[in-house]
Every structure is written in structure tokens, then in C-alpha cells.
Amino acid sequence: MGLIPETTIQEVRDRADILGLIGRHVELKQAGQSWKGLCPFHDEKTPSFNVNPNRQAYYCFGCQAKGDVIGFLVDHENLTFPEAVRTLAAELGIEIPETDSRERSDNEKIYAALEVAQACYREALRAPGGQGAREYLERRGLDDASIDRFQIGYAPDAWDTVVRALEKAGIPSDTGMLSGLLNERASGGHYDRLRGRVIFPIQDVRGRVIAFGGRALGADQEPKYLNTPESPVYHKRRAFYGFPHALEPIRRAGRAIICEGYFDAIALARAGMGEAVATCGTALTADHARDLRRRTSALSLLFDGDSAGKKAMERALEILLPAGLRVRAVSLPEGQDPDDYLVEEGAEALAALVDRAPDALELVIRRAAAAGSTTPAEKADAVRRVAPLVASIPDPVERSEYSRRLALATNADATAVESVIRGAVQGQSPPANPRVSLEGNQPRPGSADSEAEIGESEKRHLRQIALIVSRHPEKVTDAQAEEMHEALPNCALTRLIFAFADAGAEGFIDAEGRVDVRAMEERVSPEIADLAYKVVVDEGLYPTDTPAWEVLTQIVRRFLLKNLGMQKKMIKRRLDDPDEDQDRVIQELHVLEDRRRALGGDTMGRST
Ligand SMILES: [Zn+2]
């Protein structure tokens with residue numbers, strides 16, 4: 001089956017009836033411009049799931065599930081992207097033409113190259129030359145069903161298996177390089193990056209192959225694991241091994257299991273826990289946390305029982321807790337991985353180990369207390385060590401419950417512990433007390449962000465600008481952009497406004513000339529994508545009485561005036577400074593006043 005051309009996907013998206021389709025699964029009621037219902041992706045009693053048929057988009061204010069009609073089928077029905085498009089196309093009577101490789105976008109070329117390599121690796125595993133690889137997989141306990149389910153393949157110990165397969169498929173070696181399949185020879189020409197390895201395809205949620213991981217077959221072959229590198233379609237910080245297969249099990253089990261390796265994820269799936277995914281040679285990131293949070297609130301972490309594993313678990317908590325995830329820590333006997341455990345103890349024992357795993361933060365608290373909490377100093381250290389983790393929990397009730405437990409475990413005064421936690425909450429951006437701050441502190445997803453110091457009414461105004469720009473991106477002139485750059489505060493909503501303007505300029509628009517949020521989604525950060533849906537899905541802020549562009553101009557002007565007012569205060573402070581060139585300061589003040597007057601601001605303060 002060939003790739004589906006982008007124009008056909010667009011046609012399917014434009015013609016599909018998002019209300020009708022989602023309405024089959026969710027009872028929707030009209031509320032202004034959008035329709036509301038109980039979210040099918042998380043449990044809720046009051047509707048926070050919004051569908052806007054004008055924008056062909058849905059967004060849930062409860063769990064941040066979002067997307068278009070195709071995305072809904074992918075996430076809700078667990079279809080792959082092509083399956084979802086084909087399903088809708090069939091319903092709408094749209095024919096899908098086979099594509100010419102010259103018309104494909106760069107990313108589509110990369111996907112095509114990876115598909116060719118995948119077919120080639122699969123074939124090599126079945127061929128006589130794949131004997132050694134098949135024996136190795138058998139030794140690791142993988143039967144044919146698992147091998148097929150995870151689409152495992154084999155890269156022969158040769159330099160040009162993929163080189164030739166790409167050549168035969170008419171895919172240029174540049175694309176092979178870009179997709180990470182090939183390396184360049186110093187003498188010119190190319191060779192296969194992965195050789196003599198069992199191959200695990202890494203797929204995105206749509207089921208497209210985005211990268212490969214290879215496990216060495218030879219005993220002295222280094223490194224033991226080798227991945228294809230990051231590429232335009234493969235970002236380690238977002239990728240999970242086994243994600244597409246795990247989506248439906250995650251929904252059914254109401255949890256996800258995170259482990260470290262391909263064999264771990266497969267072992268868990270073989271033991272009946274298909275909700276397991278593995279990170280791809282990287283620590284868990286905030287992007288991972290957000291992707292998981294959209295699908296479940298419960299996570300089980302499965303790391304090695306050694307001290308490196310314990311540290312990795314605590315680092316993972318720093319990322320996962322702020323995202324509102326509830327985390328359990330599964331501990332295997334030291335020196336054993338899930339694979340060994342499955343073989344030695346059986347599937348039921350492994351499942352029991354996961355099901356009965358203790359709460360991860362509870363475990364960290366107990367460990368900190370066990371490390372010593374006899375002297376006052378020891379108690380204080382134990383509390384301060386765990387405080388940042390407790391403080392990072394967004395839900396205040398849960399947070400205070402853990403705070404109580406921390407006090408109990410260290411036998412410290414509950415009120416004092418509570419106050420340390422409160423201090424850590426306030427200190428988190430920026431950290432006020434270095435001892436309480438996390439090492440390598442990053443902006444916390446889901447909690448305080450750069451918008452913290454911006455007032456509600458300003459946020460509302462920025463939302464309104466964003467919405468207007470998303471409806472009329474073509475109206476943003478260079479001068480207008482310049483003015484907005486100067487006027488608007490530095491925050492995520494402002495970045496969204498410019499992302500909308502850019503998307504418009506680059507042609508990511510629907511038939512009505514509005515920004516197509518789905519199309520821009522892959523080009524912006526997850527945070528901005530999230531905001532984009534949030535803004536367009538409910539168009540209640542769109543002005544109806546006054547022309548929209550006039551409203552926008554007024555709001556920008558107000559921000560600008562406020563800015564100039566602040567600048568004025570700063571300049572006037574310099575008037576009191578004897579080291580300043582007073583004539584120049586007064587000159588600057590006049591220039592500022594002229595600008596304020598031109599913008600229609602009051603000039604009463606000029607003589608003071
Ligand atoms: Zn939801």
C-alpha cells in the first residue's frame with residue numbers, strides 16, 4: 001500500500017463531518033460556537049470536551065486530548081493514521097490515488113525510505129541468512145507471534161543491504177542519510193548503518209516507522225545497542241518504543257508501564273501487559289510525560305533495582321509528578337530484567353509484581369527517612385531532599401497528603417514540613433532556596449510557567465488576539481508584527497500568536513483562510529500546539545459587534561501604551577541620577593511622550 005497524498009488527506013479532513021463522527025461516540029450539546037460533551041478520553045462528570053466544526057478540531061480542557069477528525073479515529077479507535085484516512089475516505093467516497101515519489105514532501109520521503117528498510121529487515125530475518133538472528137530471538141524466549149506483533153527484523157552483516165533496497169525503490173541516498181539508515185563513506189558512496197543486528201522498528205502513534213534500534217548479535221560486537229539517529233521524523237524526547245501497540249491496552253488497563261529496553265517492553269506484553277512502552281535510549285522528558293498524560297493518569301515505572309535504577313526512578317518522578325501523573329515503582333530483584341523474571345517466575349508472578357508495586361513517591365519518602373532521621377539535622381535533610389518532589393504535585397489535596405506522610409515517616413513536626421513544602425512550591429520558578437531546588441531544574445510542565453506573572457485580563461486579551469490572528473493570518477503585516485513584538489509580553493500566548501501568523505504565511509490554512517491547527521501542530525512545541533487547540537476550539541472570544549481587526553489593533557495599542565508607561569517610569573528614575581546626561585534623558589522622555597500621544601494615550605504626566 002502506497003503513501004496517501006497530502007492533498008487527499010486534506011480533502012478527507014475538509015469533507016469529513018467531525019460533529020457527526022465524534023457524535024457517534026460522544027453525546028454533544030451545542031454551546032455557542034462549539035459543541036460540548038463528556039470526554040471519551042478521561043473520566044469526568046461535567047463536560048470539558050469541545051468540538052468546533054468550523055475549525056474541524058476537538059479539544060478537552062480536562063485531559064488536553066486534541067486533534068481533528070482523523071486524529072480522533074487514531075486515538076479513540078486505535079487505528080493507524082493511514083487506516084483512519086482510508087476509513088474516512090471510503091465513507092466519503094474519496095478515491096486514494098497511488099503517489100509518485102517525486103511529489104512527496106521531505107518527511108514523506110523519509111517515511112518511505114524507512115518503510116523500504118523495514119520490509120528489507122523483515123525479509124532478511126525470514127531468509128536463510130537470518131538463521132542466527134532467529135536462534136537468538138528464540139533463546140530470548142520470543143515466539144513467532146511476538147516477532148510478528150513487534151515486526152522484528154534482521155540487518156545482515158553486510159554493508160549494502162539497505163543501500164541496494166533503497167536504490168531498487170528509487171529512493172536517493174540523500175534520503176537514506178536523512179532518515180539515518182545510511183552513513184557516508186569518506187571516499188564517497190554510502191553504507192548501511194545497522195549491520196549484524198536484530199532490528200526493532202520504533203513507530204509513532206500513527207504506526208509509522210520513524211527509527212530503528214539494533215541489538216548486536218555477535219558477543220564482542222560494540223555497542224550492544226545501536227539506534228538510527230534523530231531525524232526530521234524521529235525525536236527521542238517524544239518517542240516510545242511500542243507506543244502504537246500499547247495505546248489500546250493503556251486505555252483498557254487504565255495505566256501505562258514504562259521500562260527501559262525493547263526486550264523489557266516485549267516481555268511485559270508477553271506476560272499480558274500490552275500497556276508497556278520503553279524509552280529509546282534517553283531519560284523520560286516533559287514531552288513524554290505530556291504524551292502519556294493525555295492517555296492515562298497512572299504509570300508504573302520499571303527500572304533496575306540497583307542504585308543507578310533508583311536514581312533514574314527519582315529523576316523520572318521529577319518529570320512525571322508535575323504533569324499530574326500518579327506513579328508506582330516496580331522493583332525487580334537486583335540483577336534481573338523483566339525478561340529473566342518472566343522466564344524464571346512466569347507471567348503471573350511478573351504481573352503480580354507490577355500490580356502490587358508501591359507508590360513511587362511513598363518509596364522515595366521511606367528511603368529518605370531510612371537514610372537517617374534521628375537527629376534534628378538528619379530530619380531536616382530528609383525533608384528537604386524530598387520536598388521538591390512533593391511540591392511538584394499539582395493537586396493541592398494530594399500534595400498535602402504526601403506532606404503528611406513525609407512528616408510521619410521522618411517523625412518531624414507536620415506543620416514545619418508543610419511550610420517547607422509550601423516554600424518549595426513558591427520557590428520552584430525561580431528556586432528561592434538553592435537547597436530546595438531540583439538539580440537541573442527546568443520549567444515545570446503543567447504548573448507555573450512564564451504566564452504566571454500575567455494577569456487574567458491580559459491573558460484573555462492575548463487569547464482574543466490569538467483567535468483573531470488564527471482567523472485572519474493574512475492580515476498580519478510586517479509593521480503589525482513589529483508592533484506586536486514590542487507590545488506583547490513574553491509568554492506562551494504571545495508565541496502562539498506568532499506561530500499562527502507564521503502558519504498563515506507558510507500556507508497552513510484551510511479552505512476559509514483560517515489557520516489549520518492540525519497542520520501547524522507538528523511544527524510547534526507541544527505546549528504551543530496545546531494552546532492552539534484551546535484557543536480555536538471555543539470561539540466565544542471572537543468579537544461580534546466590532547470588526548475583529550479593529551479590536552485586535554485596540555488591544556495591541558493598550559499593551560503598547562502600558563509598556564511605554566513602564567518605560568517612562570524607568571526613564572524618570574534616571575532623572576534623579578546625577579551621573580546621567582539630563583538633557584539626553586529629557587530628550588528620550590519627549591520621544592516617548594510623542595509616541596504615547598500618537599497612540600492616543602494620556603499625556604497628563606508630562607510636566608511632572
Ligand atoms: Zn478529556
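Summarising the amide proton neighbourhood of Gln203: residues at separation of 5 or more, or on other chains, whose placed amide H is nearer than 5 Å comprise Ile210, Gly242, Phe243.
Which value in Å is the Kirkwood Rh of the stretch 454-608 over different Cα pairs? Here the Kirkwood hydrodynamic radius works out to 17.1 Å.
Taking amide hydrogens as placed 1.01 Å from N in the peptide plane, the amide H of Gly305 sits under 5 Å from those of Leu332, Gly335, Gln336, each at least 5 positions away in sequence or on another chain. In the chain, a dipole from Cβ-located charges (positive for Lys and Arg, negative for Asp and Glu) runs towards its positive end, and of Leu292, Thr477, Val327 it is Val327 whose Cα lies farthest in that direction.
Provide the FRET efficiency to the nearest 0.05 for the Ile586-Lys45 pair, computing r from the beta carbons and using R0 = 60 Å.
Details: r = 62 Å, r/R0 = 1.04.
Plugging the Cβ-Cβ distance into 1/(1 + (r/R0)^6) gives 0.45.
Helix hunt in the chain: which complete DSSP H runs extend at least 30 Å axially by C-alpha with mean Kyte-Doolittle at least -0.5?
Details: long enough: 106-126 (31 Å, -0.41); 548-575 (41 Å, -0.17).
Result, helices passing both filters: 106-126, 548-575.
Legend: residue pairs Lys29/Lys475; Lys45/Lys66; Lys475/Lys572; Lys109/Lys475; Lys66/Lys236; Lys534/Lys562, Cα-Cα distance threshold 30 Å; pairs beyond threshold, Lys29/Lys475; Lys475/Lys572; Lys109/Lys475. Here the simple spin-label model places points 7 Å from the Cα toward Cβ, and for Ala352 and Ala90 these points are separated by 4.4 nm.
Rounded if a/c is under 1.5, else prolate if a/b is larger than b/c, else oblate: which is the stretch 6-92, with a ≥ b ≥ c the root eigenvalues of its Cα gyration tensor? Walk me through the numbers on the way to the answer.
Numbers: a/c = 2.18, a/b = 1.59, b/c = 1.37.
Because a/c hits 1.5 or more and a/b exceeds b/c, the stretch 6-92 counts as prolate.
Under 5 Å from the amide H of Ala256 lie the amide H atoms of Ala298, Leu299, Ser300, each residue being 5 or more positions distant or on a separate chain, with H modelled from the backbone and absent for Pro and chain starts.
Projecting the Cα positions of Met566, Asn490, Pro543 onto the charge dipole of the stretch 478-608 (unit charges on Cβ atoms of Lys, Arg, Asp and Glu, taken about the Cα centre) puts Met566 furthest along the positive direction. Computed per residue of the chain from DSSP H runs no shorter than four, each worth -39500 (n - 2.57), the mean residue ellipticity at 222 nm is -15500 deg cm²/dmol.
Dipole check for the stretch 243-324: with +1 at the C-beta of Lys and Arg, -1 at the C-beta of Asp and Glu, and the Cα centre as origin, the magnitude is about 340 Debye. Couplings 3J(HN,Hα) of the stretch 140-151, computed from phi: 7, x, 8, 8, 4, 4, 5, 4, 6, 4, 9, 6 Hz, in residue order, whole Hz [Karplus 6.51 cos²θ - 1.76 cosθ + 1.60, θ = phi - 60°; x for Gly and Pro]. Looking at the stretch 240-358 alone, DSSP beta bridges between its own residues are antiparallel in about 15 percent of cases. Label the chain by shape, choosing from rounded, prolate and oblate, from the square roots a ≥ b ≥ c of the eigenvalues of the Cα gyration tensor; if a/c is under 1.5 it is rounded, and otherwise prolate applies when a/b is larger than b/c, oblate when it is not. Taking the square roots of the gyration eigenvalues as a ≥ b ≥ c, the chain is oblate. Suppose R0 equals 56 Å; then what is the FRET efficiency for Arg164 and Asp413 from their Cβ-Cβ distance, rounded to the nearest 0.05? With a Förster radius of 56 Å, E is 0.20. Modelled this way, with points 7 Å down the Cα-to-C-beta line, the labels at Arg252 and Arg523 are 3.9 nm from one another. Loop-resident trypsin sites (Lys or Arg not before Pro) (DSSP state other than H, G, I, E or B) in the stretch 331-378 with no more than 13 further Cβ atoms inside 10 Å of their Cβ: Arg356.
Evaluating 6.51 cos²θ - 1.76 cosθ + 1.60 at θ = phi - 60° for every residue in the stretch 178-184, the Karplus couplings come out as 4, 7, x, 6, 10, 10, 9 Hz, glycine and proline recorded as x.
By its C-alpha gyration tensor, with a ≥ b ≥ c as the square roots of the eigenvalues, how is the stretch 212-268 shaped: rounded for a/c under 1.5, else prolate for a/b larger than b/c, else oblate? The partial results should precede the final answer.
Values: a/c = 3.31, a/b = 1.56, b/c = 2.12.
Because a/c hits 1.5 or more and a/b fails to exceed b/c, the stretch 212-268 counts as oblate.
So if R0 is 25 Å, what FRET efficiency would Glu362 and Lys224 give, r being the distance between their Cβ atoms, rounded to the nearest 0.05? Approximately 0.15, to the nearest 0.05.
The stretch between Asp576 and Ser187, if pulled fully straight at 0.36 nm per residue, gains 133.1 nm over its current Cα-Cα span. Taking the Cα centre of the chain as reference, the dipole from Cβ charges on Lys and Arg (+1) and Asp and Glu (-1) amounts to some 1200 debye.
Quick note: the coordinates plus some simple rules give every number you see, no bench work behind them. Because the structure is predicted, anything quoted here is derived from the model rather than measured. Counting neighbours? That spans all protein chains shown, and the Cβs are built from the backbone with ideal geometry, glycine included.
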